[in-house]
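Engineer: Quick one: this structure, given as structure tokens, is what I'll be asking you about.
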Amino acid sequence: MKRSAFAAIAAALALAGCATTHSPAQGTFRGSYVYFADAAVFTDCRTGSKLPVALEGDNLALERAYAAARKAPAEPVVVEVKGRVESRPPMEGPGTRPTLVVEKFLRVVPEGRCEAR
């Protein structure tokens with residue numbers, strides 16, 4: 001993905017209120033998380049943007065909480081994390097794409113709904 005596309009997604013996240021600190025693509029995120037077949041996807045509650053999740057930072061805590069909370073394989077679980085969106089190479093294909101880097105897993109949302117906070 002070209003840099004301009006990354007900037008557009010970061011700006012959309014910021015305008016939607018997802019980015020709450022320091023940079024337009026950093027802050028507290030609430031969204032639906034799915035981990036399946038060694039890949040994780042986060043769907044932001046406010047924007048509907050789907051982002052791959054980097055397998056670094058506090059991702060292991062997120063994976064463990066997801067495994068404990070889900071009721072079936074590949075079932076989405078709503079979570080809150082602190083993190084940032086960075087341009088990263090995809091698992092397959094050329095270029096880069098916006099990717100969520102989890103800096104701190106905060107919680108599984110008990111009510112499990114993707115609603116505005």
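Engineer: Cα atoms only, the stretch 70-117: Rg and Dmax in Å?
Structural biologist: Radius of gyration, then largest Cα-Cα span, for the stretch 70-117: 13.8, 38 Å.
Engineer: List the residues whose amide H sits under 5 Å from the amide H of E103, counting only those 5 or more places along or on another chain, with H placed 1.01 Å from N in the peptide plane.
Structural biologist: D58, K82, G83, R84
Engineer: At a Cα cut-off below 12 Å, give the aspartates and glutamates reachable from K82, other chains included and same-chain residues fewer than 8 away excluded.
Structural biologist: Within reach: D58, E103.
Engineer: Under a plain spin-label model, where a point goes 7 Å from the Cα along Cα-to-Cβ, how far apart in nm are K104 and R64?
Structural biologist: 1.7 nm
Read the figures in this text as sums done on the coordinates, not as results from a lab. Bear in mind that the values here come from a model prediction, so they are computed numbers and not experimental data. Heads up, the Cβs are rebuilt from the backbone with ideal geometry, glycines too, and the neighbour counts pull from every protein chain shown.
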